[in-house]
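Novice: Sharing a structure here in structure tokens format.
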């Protein structure tokens, strides 16, 4: 009888120590689900699941090539085709999101004809589909932001080169400069909106803020093109 009591106490102490050891570190080790699992382990973050989810959908700290590599998208000849590859991937994400939104709508229509637990189950599934679609749209918007910034930087270099050789009148030059100043302001606003999006409490709010950022960046690029066109025409190009 005493032996059984001692054995039970030892196992209880071991269980408590093991639980404390896991809680003292914010990581846990699990077997990898990849093809070759022999001896491999991967770290998963414990605790705040919302932070883990945000990291999975955020490309804010990555450049276009890194984003594509993370998603196993081929970047062969990336120097020439990187923007096209990124745009194609962005459009594929949007298409996938549209398909999920359509499925969500179908499920919600079915739910209208149901009652009780079956209706609740369908609505719960529809909500999950909505979240999946939003995640894809957020990724697509982040990639669009990277593409917009690449175009913005290219336009900026072009405008600066035109400014060096500019022989337009003071009036035309001031007109171009004024429009270009507006472009810089709109791009700055778009960048700030994207930064604010990461502080949003849920994916719907985040997606809304990113949509506003897309529009501001689009306007900035249009104004850049307008300013460049003014200088080129004034200089006979």
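Novice: Looking only at segment 153-181, how many residues end up being outside any helix (DSSP H, G or I) and surrounded by fewer than 13 Cβ atoms within 10 Å (Cβ to Cβ)?
Specialist: Number satisfying all stated conditions: 3.
Novice: Have a look at 118, 96, 104 and point out the one that is surrounded by fewer than 13 Cβ atoms within 10 Å (Cβ to Cβ) and over 27 Å from residue 220 (Cβ atoms). Outline the logic, then answer.
Specialist: On the way: 96 fails: surrounded by fewer than 13 Cβ atoms within 10 Å (Cβ to Cβ); 104 fails: surrounded by fewer than 13 Cβ atoms within 10 Å (Cβ to Cβ).
Every option except 118 fails the conditions.
Novice: Mind telling me which of the residues 217, 184, 142, 150 ends up being in contact with a helix residue (DSSP H, G or I) (Cβ under 8 Å, 6 or more places away or on another chain), within 20 Å of residue 91 (Cβ to Cβ), modelled with pLDDT of 95 or more and not in a loop (DSSP other than H, G, I, E, B)?
Specialist: Unique residue meeting the criteria: 217.
Novice: Continuing with the same structure: Quick check on my filter: what residues within segment 198-210 are surrounded by 15 or more Cβ atoms within 10 Å (Cβ to Cβ) and either touching a residue at least 40 places away in the same chain (Cβ under 8 Å) or within 17 Å of residue 148 (Cα to Cα) (or both)?
Specialist: 203, 206, 207, 209, 210
Novice: Have a look at 75, 49 and point out the one that is exposed (fewer than 13 other Cβ atoms within 10 Å of the Cβ) and at pLDDT below 85.
Specialist: That would be 49, the only listed residue that is exposed (fewer than 13 other Cβ atoms within 10 Å of the Cβ) and at pLDDT below 85.
Novice: Related question: Given the conditions (1) in a helix (DSSP H, G or I); (2) modelled with pLDDT of 80 or more; (3) within 30 Å of residue 149 (Cα to Cα), report the number of the one that residue 62 does not fulfil.
Specialist: Against the list (1) in a helix (DSSP H, G or I); (2) modelled with pLDDT of 80 or more; (3) within 30 Å of residue 149 (Cα to Cα), residue 62 comes up short only on (1).
The values are calculated or read from the model by the stated rules, or taken from the named source; none is laboratory data. As the structure is a prediction and not an experimental result, all values here were calculated from the model. All Cβ positions, even for glycine, are placed from backbone atoms using ideal geometry, and neighbour counts span all protein chains on display.
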